[in-house]
1. With the cut-off at 28 Å, tell me which of the pairs LYS15/LYS463; LYS15/LYS147; LYS375/LYS482; LYS296/LYS359; LYS147/LYS256; LYS15/LYS482 have Cα atoms farther apart than that.
2. Using a cut-off of 17 Å between alpha-carbon atoms, which aspartates and glutamates can reach LYS145, once sequence neighbours fewer than 8 places away in the same chain are excluded?
3. Note down the relative contact order for the stretch 385-521 as a percent, whole number, built from C-alpha pairs under 8 angstrom at least six residues apart.
4. Quick one: which residues, 5 or more positions from SER37 or on another chain, have an amide H under 5 Å from its amide H? H modelled 1.01 Å from N in the peptide plane, none for Pro or chain starts.
5. I'm spelling it out carefully: the read-out is Kirkwood radius over Cα pairs in Å, the candidates are (1) 33.0; (2) 24.3; (3) 23.4, and one was derived from this structure. Which label?
6. Measure nothing but the geometry: give the 0 to 90° angle between the long axis through the Cα atoms of 470-479 and the longest principal axis through the Cα atoms of the chain, rounded to 10°.
7. What size of dipole, in debye to the nearest 20, comes out for the chain about its Cα centre when the only charges are +1 on Lys and Arg C-beta atoms and -1 on Asp and Glu C-beta atoms?
8. What angle, in degrees between 0 and 90 and rounded to the nearest 10, separates the Cα long axis of helix 379-392 from the longest principal axis of the Cα atoms of the chain?
Amino acid sequence: MNPPMTLLIYPPAAKPCEPSAGLARLAGALRRHDRPSHVWDANVEALLWLAGLPPQATDRWTSQARRRREQDLLALQSPHGYQSSAIHATAVRNLNRLLMMQGIPSQSRISLADFQHASLSPLRSHDLIAAAASPETSVFYPFYKEKLDDLIDRLQPGRIGISLNYLSQALPAFALLGLLRRDYPGITVLLGGGLITSWMRRRNWHNPFTGLADVLVDGPGERPLLRLTGIDDSAEGPYPPDFSDLPWNAYLAPGKIMPYNASRGCFWNRCAFCPEVSEGHTYMPVRAQQVLSELKQLVKLHQPALIHFTDNALSPALLRALIAAPPGVPWYGFVRISPQLADIDFCRGLRQAGCRMLKIGLESGDDAVLEGMQKGANTDLAGRALQCLARAGIATYIYLLFGTPWEDEAAAQRTLDFTVKHHNAITFINPAIFNLPLDAAAESGLETHDFYQADLQLYSNFKHPLRWNRTAVRHFLDRRFKRVAVIAAILRRTPPSFTSNHAAFFAPLYLYNANPDAEII
């Protein structure tokens, strides 16, 4: 008797520009053990379906967006749309208009990167259960119903796994879950992914979803899923990802973006108030030689235009391995500031190995703040690293975090000054306001209070010890930081909706043409 099929689903709404790395790993694990599976990227299919419906409004903008739909989709799916930020922005704006108009009857605000409901919150279990109880009220219901009936009739799955990573997916995912429970009660349903893991690792967690999902998966899903199929793989894995089911031509990107994770957790794992630390994630790297071997095979099979390393941070050892054996196509990912990146020869080696952009959680331009956050770097090292990367031709996507417990207005100003000083070596910036992870709040010594009443919230508000509260931080960002001309110019480069997922394609337009003989400051 053949083992039952496993259907793996990635629900809307998330950026529809690349497949789910997690579900590809799950499919690879199942197929390595001859367990049949099928991956359904309901996210990209649902968003394209929704954008293709007759619009719910007849105003001039919506009508124009409807006429331009195919043209705008083509712009996001071909190199032409990335030759100019204006072309890209226009296409995104028009498609978002179509999605937003479709969401109005169901009180939903939908875009290519987000889903919000006027009255239901993904941070309240009561609201998620309500979404499951009335799946027909979801804007995605007609799509879900038709597609699920076809898939289940053809595949006859014995179990269905839903991967839930972002808050924007939660309400649509629970509507899908409710539909499954109503129409297919005999199928075992698993619910996993990064968001489920974060909820389950909170202190005093109790499962409010009993009766909806048969199994909630905490952490990587390969072993729990394999155990359900009768496989004990305690001595095996990790498994190469399998992307064979995925609709490569549907994604909104100028070529295939292939996500790949060479590790789970973070090799540094020391930054204060990092969710990786508070949630107790263990660092689990894939051996460098296995990474290189898998990438070689995957590149040959899929011929991607870009590899997206989804690791929390690429380790120094893996960066050296990539320089020694390049994957053969451009790539980008997250790294930590390290002495390696302040070595111009090392940076040039990364560029020659295909590195087109590095995302860096710099967080602050103030040394006292960096020390308090236990980042393991200082502003001198960070400045030299940015200059070396610029000289080597590698774009940078810099993440700044304002309002941490160690920062005051003067420290925030030093971050502004650092950004201005190195603006010619910074390609993109993401400035954000600090949120205190809920489970870290109890050990922080800070006076805390809830943002709002929600049993699934992951962050806590707090009384800032230096009186640098969120309102003051927001005022600083809006009135000072973002109004500096060179910073404003960098912020305008950010690809709307897709942000860092599309940024590498725009990097050639903005890279600073540094003098290779200039002194590294």
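1. Details: LYS15/LYS463 34 Å; LYS15/LYS147 20 Å; LYS375/LYS482 25 Å; LYS296/LYS359 23 Å; LYS147/LYS256 24 Å; LYS15/LYS482 25 Å.
Exceeds cut-off: LYS15/LYS463.
2. Once the sequence-local aspartates and glutamates are set aside, what remains near LYS145 is ASP41, GLU45, GLU136, ASP153, ASP183.
3. 35
4. The list, which skips near neighbours in sequence, is THR6.
5. After the calculation, the listed value that fits is (2).
6. Here the helix axis deviates by roughly 70 degrees.
7. Charge dipole of the chain: 1080 debye, to the nearest 20.
8. For helix 379-392, the angle is close to 80 degrees.
Throughout, read-outs are computed from the coordinates displayed, never taken from laboratory work. For clarity, every value in this text was computed on a predicted model and none was experimentally measured. All Cβ positions, even for glycine, are placed from backbone atoms using ideal geometry, and neighbour counts span all protein chains on display.
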